[in-house]
């Protein structure tokens with residue numbers, strides 16, 4: 001499989017993931033939060049804050065997908081070693097950190113109101129740690145991209 005085919009397949013998967021998260025945000029989560037509020041009226045006051053946090057969390061995923069799609073476009077045009085690509089990497093870093101903050105906010109909110117099941121609370125903690133870890137990984141990848149960009153610029157001047 002060549003690079004162009006892999007990039008196109010990845011684009012198709014990312015567009016599908018974007019559409020799925022958008023459907024979750026617009027259709028599934030509002031409906032599910034209404035059902036949960038009806039089934040558990042004592043905790044119905046949590047519907048809107050938790051719904052807002054879930055929508056924000058999915059928004060972070062969507063920002064990461066859009067930034068990745070833009071970087072894939074740079075790859076297809078052989079422009080990935082440019083300064084313009086760095087802002088999309090910064091967008092991915094920001095999306096990971098924002099997602100981590102949403103998980104932390106959800107954890108704190110639920111800890112101070114009605115905590116969810118232990119598995120859910122553990123999943124939120126894992127979300128915080130994963131977001132921070134992935135952001136740090138992208139910071140390292142960004143520095144590698146910066147080094148490669150400067151090396152490519154030097155090579156272009158030599159040639």
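The values are calculated or read from the model by the stated rules, or taken from the named source; none is laboratory data. Worth saying up front: this structure is predicted, and the values here are computed from it rather than measured. When we count neighbours, we look across all protein chains shown, and the Cβ atoms used for this are built from the backbone with ideal geometry, even at glycine.
Here are some conditions: (1) more than 21 Å from residue 127 (Cα to Cα); (2) at pLDDT 90 or above. Residue 3 meets all but one. Which one does it not meet?
Going through the list (1) more than 21 Å from residue 127 (Cα to Cα); (2) at pLDDT 90 or above, residue 3 breaks only (2).
Hey, among the residues in region 37-49 that are surrounded by 13 or more Cβ atoms within 10 Å (Cβ to Cβ) and out of contact with any helix residue (DSSP H, G or I) (no Cβ under 7 Å at 6 or more places or on another chain), which one's farthest from residue 24 (Cα to Cα)?
Within region 37-49, the match that is farthest from residue 24 (Cα to Cα) is 43.
With (1) over 16 Å from the mean Cα position of the chain (by Cα); (2) modelled with pLDDT of 90 or more as the list, and residue 55 as the residue in question, which single condition is left unmet?
(1)
Here is a yes/no grid of residues against (1) at pLDDT 95 or above; (2) farther than 30 Å from residue 154 by Cα; (3) exposed (fewer than 14 other Cβ atoms within 10 Å of the Cβ):
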residue	(1), (2), (3)
8	no, yes, yes
67	yes, no, no
72	no, no, no
101	yes, yes, no
110	no, yes, no
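Within the group 29, 22, 14, which residue is without any contact (Cβ under 8 Å) to a residue 40 or more places away in the chain, part of a helix (DSSP H, G or I) and closer than 24 Å to residue 128 by Cα?
Result of the check over 29, 22, 14: 29.
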